Amino acid sequence: MKHIIVTVTATALTLGAWSAAIADDKIADRKENQQDRIADGVENGKFSPRETAHLENQEANLNKESTRTGSRTAGTSPTNKRRGSTGSRIG
């Protein structure tokens, strides 16, 4: 019985880490696409220098926020963030 519990727990942890890695890849891809869209807008004159600066500042603020909060803390309560826990308990 213990072997089954250990196996299920290990599988759940592995799947959790795998899904977090996929989410991080998607975020990185979206950030790269956004930067490409901004660059394209600058090249073909769709954005004024002021609009470009505004978009770049927004992007920088989002990057600071995600760095500060951590990309893997989504859905975690502030108390558990301070504790370094996701709040999920097994057994």
- Message: All but one of (1) in a helix (DSSP H, G or I); (2) surrounded by 10 or more Cβ atoms within 10 Å (Cβ to Cβ); (3) at pLDDT below 70 hold for G87; state the number of the condition that does not hold.
- Response: (1)
- Matching residues, the stretch 41-63, being closer than 18 Å to R30 by Cα and either under 12 Å from the mean Cα position of the chain (by Cα) or assigned to a loop (DSSP other than H, G, I, E, B) (or both): L62, N63
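The values are calculated or read from the model by the stated rules, or taken from the named source; none is laboratory data. As the structure is a computational prediction, the values presented were derived from the model and not from experiment. In this analysis, Cβ positions are derived from the backbone assuming ideal geometry, glycine residues included, and neighbour counts consider all displayed protein chains.
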